[in-house]
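Rule-based calculations on the coordinates, nothing more; no lab input. Note that the structure is predicted; figures quoted are calculated from it, not measured. Please note: Cβ atoms are built from the backbone with ideal geometry, for glycine as well, and neighbour counts cover all protein chains shown.
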Amino acid sequence: MNKRPSPLNTAAARPSRAAAAAGVLRRTVLLALLACVVASFGLTAGTRAEADRPRTFSEQALNEAFATARVLAADATGLAVPAPAAAEMKLQAQTLTEQALLLSGPGGTARQAGAPADAGSSGESPVTYVQALQAAARTNLEAAGRADYGTARLLASVGAGQLLLAQRAADVLGENSEPLQESGWTPVLEESAARCTNSDAASDRTQLRDRPGAAESLRAVLDAEFGAVYAYEVAQAQGGRSIAVLGQTAAEHRAAHLKAGEDGVRHLPSLCLPAVSPLPAYSLTADFFADPSGSLSAMEAALPGIYADLAGSSDGALRSWAIDRLVQTSLAAYSDSRLPPASPGITADPASLPWAAG
């Protein structure tokens, strides 16, 4: 009689307590890492209370800017049909799409409350497209005066970019664009007098507790403006009156930067700082003397970022001035044939944002 085979030894297939504990530990670590990633992106689970919460001014401004950018991108695509304008309008559509990505935010708030996913062209004609771009820019620049710090920086940058796009569109479409104002893009809200506290009577040091980053940003602006004055003076001494940068002479640039620096000094008391220009302790690298025009162009291109930082860390009259200068420096930096970025003054690659594929 054949002997019945013994059952398989299943005990060997069971994981040991140590292995089971290790598996639990791995899952716990993975969940913890996922929670950290979600928290870092601001992706929190929605609740009815969150959905019913009134939107702040900054959230409403972002939603409106997002929806408008989406429609403008569709309009630009619709205008990319005539051969002379096709290439430019395709680039504008891409730039406006990138602006929408920047404005949508990590939580997707703007995408949910803004334009529908299939937002289509409003059928704008070339002239109304240019006007719509300028109107969107004005709305964003004005909203930047009231928004919270980070939102103000983004809205001001996007608004400046839309002004640049409007000028380029008017040129390529053969339309007239409205002349741009020199200043006053953002109404100055009422602000209380600076509350300066004496932190050390012996050294007479003062500080502003409400806006700790504004003083550093304004100092960076003054260093950049007075440093530019010095750089253009050196360039004039090296190349005489023949040197030109972005369509203007060195003397014209020097005068503009000197005025901007002097205007900035007048804002120092609002940050509890004395209205004193920085000491002229500037130096230039060997690269500057090898290629003064290229170095000066690079210097002009860096200025929008400095003013975007100031707009995102200040309030009231100082923020209004920073936004005006952000517009002016952006217009100067991209006065040549280069396509302006989606957000002048803010270094960002919209396609690489974690919510871009959402």
What does the extension gain come out to for residue 91 and residue 335, with contour length at 0.36 nm per residue minus their alpha carbon separation? 86.2 nm
Could you list the residues of segment 257-299 with an amide nitrogen less than 18 Å from a label point located 7 Å from the Cα of residue 251 in the Cα-to-C-beta direction? 257-259
Please give me the summed charge of the neighbours of residue 264: other residues whose Cβ is under 12 Å from its Cβ, Lys and Arg +1, Asp and Glu -1. -1
Within the under-11-Å Cβ sphere about residue 153, not counting residue 153, Lys/Arg +1 and Asp/Glu -1 give a net charge of -1
Taking H placed 1.01 Å from N in the peptide plane, check which residues at least 5 places from residue 244 or on another chain put their amide H under 5 Å from its amide H. none
